[in-house]
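Below you'll find the structure, written out as structure tokens, and then a few comments.
The values are calculated or read from the model by the stated rules, or taken from the named source; none is laboratory data. If you're wondering where the values come from, they're calculated on a predicted model, not measured in any experiment. A quick note on method: Cβ atoms are made from the backbone with ideal geometry, for glycine too, and the neighbour counts reach across all protein chains shown.
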Amino acid sequence: MEMTTPATRPVPAVQRRARIRWEHLPLHLLFALVAASVVFPLAWVVYTSLKTNQEFFLNAWALPQTWQWSNYVTAWTDGKFGRYFINSIMVTSASLALILSFSTMTAYVLARFRFRGNQFLFNLFSAGMMFPLVMAMIPLFMLLKFMGLWGDWKGLLVAYLAYSLPFTVFVLVPFFKTLPAEMEEAAIIDGATHFQVFGRVMLPLARPGLLTAGIFNFLGIWNEYNLALVILGKADYFTLPLGVARLAVQQDYKSDWTTMFAGLTLVMLPTLLVYAVFQRRLAEGITAGAIKG
Amino acid sequence: MYRRDQWKIIVPFLIPSLLIYVVFVLVPYFVGFMISFTRWTGTSLRMRWLGLYNYTVLVQDPHVWTALKNNLVFAFVGGALMLLLGMLVGNALSDSRLAGRHFYRTVFFFPHAMSVIAIAVLWMFIYNPQWGIFNGFLRLTGLGALAKPWLGETAYALPAVVVTHVWAHFGFYMVLFIAGIQQIPASLIEAATIDGASGRQVFRHIKLPLILEITKTALVFVIISGLNMFALVQVMTAGGPAHATETLGTYLYQKAFRENNFGYGSTVAALLFVVTLTISLSLQRFLKREVIEY
């Protein structure tokens, strides 16, 4: 089934490959430099993660003599990155499941039913995006301590759910609004309950919107640092960004840099993968939010 | 559509999210204000009421004002750079005659999707005084005299982190502006070009007025992200050297979670709240101008 996201634009039918023009040469030089500033550091992290520490100190920019895949074994076991990686996967997937189910239900009701306070609630949720997250670190820490949720994943999952709701609801509401009413009406005439209409008719239609919301939340939570920093107590619960940050801040020149680069590669790789696959959808999601909003 | 029994779905679908949102997002902002009137070490739930004491300290604390100034530099200087770059690069990449524009777009946007921690660590190495690529690049181009420990000197640390922030996020604004420019009917631009308008004139007189709405949205985004600066600074410089890169975020973290002074940390957060509110409200008034339709 072909569905469009809220703001897909008609794409020109024929995309011709442009040829390099002489008048664009300065532009290409400039852009190539900026592109290099993105691509080279990334490549550098990956190949540095395959060097020995001695090689790294001798020349930080040279390629490895032989590729030390064992760095990953070390990072995985001694550096605890195995644990961080698994923690990150568990936290991210659990959060995504929670965020998507709660936001979908809420956005569906706000988008498809008319009732008193509807617009107010939408504005209330959206307002959550307008304040810097750092303001919430202390009171959230206190609240979770008070409720006995501080220190492990329970608190982190609740926090991720709560702080992802504004953005996710904001993205999904306009999306649900664009879905056609005919199938919904037909289902109602056939005697479907509200839940059947939602589960069997609207939810399947909403899949592209959920995918967009899911990608944004995946990136946001996989990379999240601030809340994890103040909520997770012990290193056993750390997610990858916390593990990398700790290693990076902790060690001055004395110890194991290559392990840190292996950890850094582990953080970046899934992001790169998701980005490569869903890049276009990501751009469309941003566009939809901005142009509608 | 309206059905009489619609509450049967509205209530169970809405109330749980609303409850979680209110308890964990809205209530903390109020709790934060309460904590700012107390002394609290964060270890037990015992707090001592101090009234306005923390606020009198705040007003005289020079680091707070440095931090606020730095936040405003991130929001307005960094923000202006991001918008400008996003707009110019976005405009250049909207031109279908430019070879490789999809490649550039993909690459420039990527850092925005990356972990802030990864970005911070990456740029610590780029700025490294001994073997960082940045100094290496300067030496290579004959500007070796300018090489310095960028993150280690009070005069250069803040601009260096601002550059990283801009590098990381201008791609996001580029994507926004590309979308905006592509929404402009091609006939408008063609007509102007036929009438002899140069690329610069088309940008200034046709594209710019029509992407005004997006620019407003983008402005709000850059300001919020400037006020929210934390992880990047925390990892790259921890607010140093000598508070030169301190932001309200890193300072309140330092006070609360390192020095166990959660009351004072919350006072810093309260200042951030007031600043955010003031800026948002004045932006709203300032930006309320007619929308240009096409």
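Report whether or not B:T154 is over 24 Å from B:T237 (Cα atoms) and either of a type outside the set (D, E, K, R) or surrounded by 15 or more Cβ atoms within 10 Å (Cβ to Cβ) (or both).
Values: over 24 Å from B:T237 (Cα atoms): no; either of a type outside the set (D, E, K, R) or surrounded by 15 or more Cβ atoms within 10 Å (Cβ to Cβ) (or both): yes.
The answer is no for B:T154.
Scanning segment A:199-237 for residues that are touching a strand residue (DSSP E or B) at 6+ places or on another chain (Cβ under 8 Å) and closer than 20 Å to A:L98 by Cα, which turns out farthest from the other protein chains (Cβ to nearest Cβ)?
Here is the first cut: in segment A:199-237, the ones touching a strand residue (DSSP E or B) at 6+ places or on another chain (Cβ under 8 Å) are A:231-234, A:237.
If we keep only those that are closer than 20 Å to A:L98 by Cα too, we end up with A:231-232, A:237.
Working: A:I231: 11, A:L232: 12, A:Y237: 16 Å.
Checking each candidate, the answer is A:Y237.
Can you pull out the residues in segment A:100-119 that are within 11 Å of chain B (Cβ to nearest Cβ) and over 18 Å from A:F198 (Cβ atoms)?
Hits for segment A:100-119 are A:R116, A:G117.
Conditions first: (1) under 21 Å from the mean Cα position of the chain (by Cα); (2) facing another protein chain (nearest Cβ under 8 Å). B:F262 passes all but one, so which condition is the exception?
Of the numbered conditions (1) under 21 Å from the mean Cα position of the chain (by Cα); (2) facing another protein chain (nearest Cβ under 8 Å), the odd one out for B:F262 is (1).
Which ones in segment A:73-87 are within 19 Å of A:W222 (Cβ to Cβ) and part of a helix (DSSP H, G or I)?
Of everything in segment A:73-87, those that are within 19 Å of A:W222 (Cβ to Cβ) and part of a helix (DSSP H, G or I) turn out to be A:A75, A:W76, A:F81, A:G82, A:R83, A:Y84, A:F85, A:I86, A:N87.
Hey, can you tell me all the residues within segment B:4-17 that are surrounded by 12 or more Cβ atoms within 10 Å (Cβ to Cβ) and modelled with pLDDT under 90?
B:Q6, B:W7, B:K8, B:I9, B:I10, listed by residue number.
Please specify each residue of segment A:139-166 satisfying the condition of being free of Cβ contacts under 8 Å to residues at least 40 places away in the same chain and either more than 18 Å from A:S88 (Cα to Cα) or facing chain B (nearest Cβ under 10 Å) (or both). Before you say what the answer is, go through the steps one by one.
Filtering segment A:139-166 for residues free of Cβ contacts under 8 Å to residues at least 40 places away in the same chain gives A:139, A:142-143, A:145-149, A:154, A:158, A:162.
Selection gives A:P139, A:M142, A:L143, A:K145, A:F146, A:M147, A:G148, A:L149, A:V158, A:A162.
Which count do you get for residues in segment B:78-106 that are among the β-branched types (V, I, T) and buried (at least 20 other Cβ atoms within 10 Å of the Cβ)?
Initial filter on segment B:78-106 (among the β-branched types (V, I, T)): B:89, B:106.
Now restrict to residues that are buried (at least 20 other Cβ atoms within 10 Å of the Cβ): B:89.
Residues that pass the stated criteria total 1.
Within segment B:163-185, track down each residue that is in a helix (DSSP H, G or I), more than 20 Å from B:F110 (Cβ to Cβ) and more than 10 Å from chain A (Cβ to nearest Cβ).
Answer for segment B:163-185, where residues must be in a helix (DSSP H, G or I), more than 20 Å from B:F110 (Cβ to Cβ) and more than 10 Å from chain A (Cβ to nearest Cβ): just B:I181.
Give the number of residues within segment B:116-137 that are within 8 Å of chain A (Cβ to nearest Cβ), assigned to a helix (DSSP H, G or I) and free of Cβ contacts under 8 Å to residues at least 60 places away in the same chain.
Residues in segment B:116-137 being within 8 Å of chain A (Cβ to nearest Cβ), assigned to a helix (DSSP H, G or I) and free of Cβ contacts under 8 Å to residues at least 60 places away in the same chain: 6 in total.
Consider A:D190 against the criteria (1) away from every other protein chain (no Cβ under 12 Å); (2) free of Cβ contacts under 8 Å to residues at least 24 places away in the same chain; (3) under 23 Å from A:I99 (Cβ atoms): it satisfies all of them except one. Which criterion is unmet?
All conditions are met except number (3).
Do any helices (runs of 4 or more DSSP H) lying entirely in segment B:1-115 carry at least 1 residues that are over 27 Å from B:V222 (Cα atoms), in contact with a Gly (Cβ under 6 Å, 6 or more places away or on another chain) and more than 7 Å from chain A (Cβ to nearest Cβ), and which ones are they?
Details: elements: B:7-21, B:27-35, B:53-60, B:62-72, B:79-93, B:101-113.
Because the criterion is at least 1 residues that are over 27 Å from B:V222 (Cα atoms), in contact with a Gly (Cβ under 6 Å, 6 or more places away or on another chain) and more than 7 Å from chain A (Cβ to nearest Cβ), the helices (runs of 4 or more DSSP H) in segment B:1-115 that meet it are B:53-60.
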